[in-house]
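In what follows, a single structure is set out as structure tokens and then discussed.
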Amino acid sequence: MPICFLVLFYRNMIVSVVIPTYNRHDKLLDCVKSIENSIYKDFEIIIVDNSEDGNVVDVIWKIKFNNIRIIYNYQNLWASWARTIWALNAKWDRVLFVDDDNILDSSCIYNLVKVVKEYDKIGALSPIMYHLELPTKLRFSWAFFNFYTSKATFLNYVKDQDFYECDMIHNVYMIKKDIWDLCGWQDSDLFMGYEEFDLLMKIHRLWYKIWIAKNAVDYHDHPVKESILRLINTPEKAYHTIKNRMIIMKRYSNCFQLTLFVSVFYPFFVLAYAYFIIRQRKFSLLIPHFRGALAGYFYLFR
């Protein structure tokens, strides 16, 4: 069947593409252009601008695509808040979240829509992700979460299936608005790490599936080699990353898993990250890191 006919066949599903952004104009421009070049044309774009000056409009003037709306926050509310704000503004039932440092393949949206139209029990659906810097290198194909250690294991090969179930998603995913509403949107307490995983756990509790679409492809504009401290490279990240690890485990692990985590793995992560902070002489991160660990213990026993 010719692909032009298939595109027409799936046109009746209109997608709201939501892009949270913060002071990354060049990346945002490339991201929006890649969406504009999609072979699937029934979509709107909602840009949620977290910058203080609201000058993202200067980027949009460079794009000859009219179906773009901008929500100005005039402060950095982080990605989870930005994704939640769209709920009052999105027109359509199906929403595709895209962080501004992603480049979508021209057939990505089409292939995501193709899968979700055929299977009603999909709660969230992500494409395969490659590195933009090295397009043949996988960044995310599928992963599972260990409820003893709180660590995710990423498996860098693609299953020989058009779509398959997964424990996790990355920062490009399609979701139904009514499922989002049932889950209570993304938790602002987890605004820096784990907010997507928390959403997935809520989706699982509603008996919906988390799938990866093999034929949908995305490229992440992110360095192939990254520091072990990438997730805690600011005092705010250092505080919230270790605290949120405890929040997730308390919410979703069973009693035995949580006991083992609290007594063994959480102290290990606290000390291990402290070691790397000292080793790399990032001393400004040390106190926020320990404060976050203490906040995690307070959350456990409150």
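The values are calculated or read from the model by the stated rules, or taken from the named source; none is laboratory data. This structure is a prediction, so every number in the text was calculated from the model and none was measured. All Cβ positions, even for glycine, are placed from backbone atoms using ideal geometry, and neighbour counts span all protein chains on display. Areas reflect the complete protein model, heavy atoms only, side chains present, ligands, DNA and RNA absent. Shrake-Rupley method; radii C 1.70, N 1.55, O 1.52, S 1.80 Å.
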Other-chain or far-sequence residues with amide H under 5 Å of V18's (modelled H): I46, L96, F97, V98
Lysine pairs meeting the criterion (Cα under 28 Å, 8 or more apart or interchain), as found in the range 176-302: 21
Potential lengthening between E133 and W92 on full extension [0.36 nm per residue; Cα-Cα distance subtracted]: 11.4 nm
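Please report the net charge: other residues with Cβ closer than 10 Å to the Cβ of P235, K and R +1, D and E -1.
+2
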Simple spin-label estimate for Y148 and L286 in nanometres, 7 Å along Cα-Cβ: 3.3
Two-site FRET efficiency, M13 against Y164, from Cβ-Cβ distance with R₀ of 25 Å, rounded to 0.05: 0.70
Portion, in percent, of the accessible area of the range 240-300 that falls on carbon or sulfur, probe 1.4 Å: 70
Probe 1.4 Å, protein heavy atoms only - accessible area per residue of the range 136-181 in square angstrom: 47
Rg(Cα)/(2.2 N^0.38 Å) for the range 140-261, N = residue count: 1.12
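Give a quick list of trypsin sites (Lys or Arg not before Pro) in the range 208-269 that DSSP marks as loop, anything other than H, G, I, E or B, with at most 13 other Cβ atoms within 10 Å.
Listed in order of number, the matching sites are K225.
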Percentage relative contact order, the range 149-302, counting C-alpha pairs under 8 Å, at least six apart: 27
